[in-house]
Amino acid sequence: MKVCVLGLWHLGTVTAACLASGGHEVTGLDFDPEAIRRLQAGQPPLFEPGLEDLVKSGLEQKRLRFTNDIAYALDGAQIVWVTYDTPVDEQDRASVEFVIERVARLFPHLGVNTLVIISSQLPVGTTHRLEQICRAVNPDKSITFAYSPENLRLGKALDVFRQPDRVVIGNRSEMDKSKITALFQPFTERLEWMSVESAEMTKHAVNAFLAVSVTFANEIAVLCEQVGADAKEVERGLKSEARIGPKAYLSPGAAFAGGTLARDIMFLTQIGEQANQPTHLLSSVKISNDTHKRWTARKLNSLLGALNGRHVAVWGLTYKPGTDTLRRSSSVELCSWLAKQGVHVLAHDPAVRSLPDDLSGEFILCDTPLSSLHATEWPEYRSLTAEMVLSVAKNLTVIDPGRFLANTLGRDSRIRYVSVGSLPHSK
């Protein structure tokens, strides 16, 4: 099939490259000339394991091309797939109009019977709004819309796209089912069909459920600290309960960050406000999560007292392992907070080669991991033994919210080891 993918950051570049690998003829469209130049040279906008090789393979096989020319991108396209990563500000408010405006640019150029699939993270009702705008521009072209919520995860995006648990599809027309089935045929036959509005709401509900699970686990963990219980043991008790299950998001650790979960919590609470419908549970999630973001700061203050003049090293700066994006990273927020307390901060991340200008004055980026504080859980840090760390840092305190290093640094009696949901201990 001939597909135009609109919006080429993480979601769009992964979608375009994977579709091309599945045999489709794909044109990636974005209005940022520099992004297009880099993609034409085989350079994705951010690091994702395997993505650069997949982009280069698509270019070499001539199944994948990139442009900022609308007419060129839409020439012969049967499907337009909207994949903008919806921008989110520091208060978790999504820039919906940014996406609407860019999608609307295509409407005068769409061919007859084009199917537009929306996957950008937008509030329920946005697809209907786009349909109305498009119908006013193209009253006689029989353009149809569908919604398929993105389900990618930074660091694992290629596997998730090509081997999904299932794909949720909200569509209006039975005739579009054959097109959509053919589009996903190289990857999966597990398509969950529903209405457009139900598919939009499913995305909100999935992320809200995950956000509730994370905040629930962390609140339980903090209470465990007060009574001498171990939150990891409680987690095992929960997951062995048949009504909960082993895959539940119930691991104690850091607060959720990045904006994705928070964005859908915000969408749902706004819907409730507009309908004068209370959303007590959902509205409390952000409050709980914001409180838990300060867990490390509280632990540092309680364990070390005054922080001014202390030396702290942070392992891992990116939003999560397997990517190089720093935006909305809880690790970066922690580094900035430490710097404001007068702490000398040394940081390391295997995917970060330099700091942006706004961060370079706050902390120092090092070539090797030396730490009394751990943040983003890169697998490389598990190869560091207690002997290696203690050889360069004595009287060491390791703060490891999710117990990522519990079996290495957490087992050495010379190290004070602190995690969410347990009392500080040396073994």
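The values are calculated or read from the model by the stated rules, or taken from the named source; none is laboratory data. Since the structure is predicted, the reported quantities are computational estimates derived from the model, not experimental observations. Please note: Cβ atoms are built from the backbone with ideal geometry, for glycine as well, and neighbour counts cover all protein chains shown.
General observations
- Exactly one residue among Glu48, Glu52, Glu34 is of a type in the set (Asp, Glu) and either over 23 Å from the mean Cα position of the chain (by Cα) or in a strand (DSSP E or B) (or both), and that residue is Glu34.
- Screening the candidates Gly259, Gly316, Gly253 for the property of being within 30 Å of Thr126 (Cα to Cα), crowded, with 17+ Cβ neighbours inside 10 Å and not aromatic (Phe, Trp, Tyr) yields one hit, Gly259.
- For the stretch 411-427, the candidate set comprises residues that are surrounded by fewer than 21 Cβ atoms within 10 Å (Cβ to Cβ) and among the polar types (S, T, N, Q); within that set, the residue that is modelled with the highest pLDDT is Ser413.
- Beta carbons closer than 7 Å, at least 6 apart along the sequence or on distinct chains, pair a first residue in the stretch 64-81 that is over 25 Å from Ser178 (Cα atoms) with a second that is surrounded by fewer than 17 Cβ atoms within 10 Å (Cβ to Cβ) and polar (S, T, N, Q) for Phe66/Gln40.
- Scanning the stretch 71-85 for residues that are assigned to a loop (DSSP other than H, G, I, E, B) and closer than 25 Å to Met266 by Cβ turns up Thr83, Tyr84, Asp85.
- Remark: pairs (first residue in the stretch 348-363, over 23 Å from Glu380 (Cα atoms); second residue among the hydroxyl-bearing types (Ser, Thr, Tyr) and assigned to a helix (DSSP H, G or I); Cβ separation under 7 Å; 6+ apart in sequence or on different chains) = Glu362/Ser336.
- Odd one out for Leu158, checked against (1) surrounded by fewer than 21 Cβ atoms within 10 Å (Cβ to Cβ); (2) without any contact (Cβ under 8 Å) to a residue 60 or more places away in the chain: (2)
- A count restricted to the stretch 323-350 and to residues that are surrounded by fewer than 21 Cβ atoms within 10 Å (Cβ to Cβ), under 23 Å from the mean Cα position of the chain (by Cα) and part of a loop (DSSP other than H, G, I, E, B) stands at 6.
- The set of residues in the stretch 99-113 that are under 14 Å from Lys2 (Cβ atoms) and surrounded by 20 or more Cβ atoms within 10 Å (Cβ to Cβ) contains only Leu110.
- So Ile220, is it not assigned by TED's automatic domain parsing to the domain that holds Ala406 and not in a loop (DSSP other than H, G, I, E, B): yes
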